[in-house]
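Novice: Quick one: structure below, then a few questions.
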Amino acid sequence: MSKGDIVLVYFPFTDLKGRKLRPALVLYEGKRDLVLAFISSRLEKYDPKTSVIIRKEDPGFEETGLKVSSIIRLDKIATIHKSLIAGKIGTLPQHFREKVNKKIKTLLTI
C-alpha cells in the first residue's frame, strides 16, 4: 500500500468504543503504520472546508474501487497498524489527489 491507495480497514469510532469496516485513503505509509482519512458515503456530512467529494459520475471514479458517491473526510484521520488493513480496493486519481493535498495543507497549517 502507498499514498493515494484506497483500502478497507476497521476504522475506530471517534469515542473508541467500536469500529466498522470502511474505505479509507492512505495519506502516509510508515514502516508499520498507515495514516488514513476516513471515506463515507453519507454525502449529507459533506463540508467543503474538510471534505473532498467523489461523485460516481466523475472521471476516474471507477479507479477508486468505491461503489457509490462518497466523501473523503480529512477531519477524520487515524494512524492504523498495517495488519488491520483488509485489502486495497482502488487508487485515488490525480485530480482528486490535488484537491486532497490542497485541503490538507489548509487544515493542518498552524
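The values are calculated or read from the model by the stated rules, or taken from the named source; none is laboratory data. Because the structure is predicted, anything quoted here is derived from the model rather than measured. Here the Cβ is made from the backbone with ideal geometry for all residues, glycine too, and neighbour counts use every protein chain on show.
Novice: Going by the structure shown, is Asp47 touching a residue at least 40 places away in the same chain (Cβ under 8 Å) and over 11 Å from the mean Cα position of the chain (by Cα)?
Specialist: No: the conditions fail for Asp47.
Novice: Please name all residue pairs, on different chains or six or more residues apart, with Cβ atoms under 7 Å, provided the first residue is in segment 16-32 and is hydroxyl-bearing (Ser, Thr, Tyr) and modelled with pLDDT of 80 or more and the second residue is assigned to a loop (DSSP other than H, G, I, E, B) and surrounded by fewer than 18 Cβ atoms within 10 Å (Cβ to Cβ).
Specialist: These pairs meet every condition: Tyr28/Lys3.
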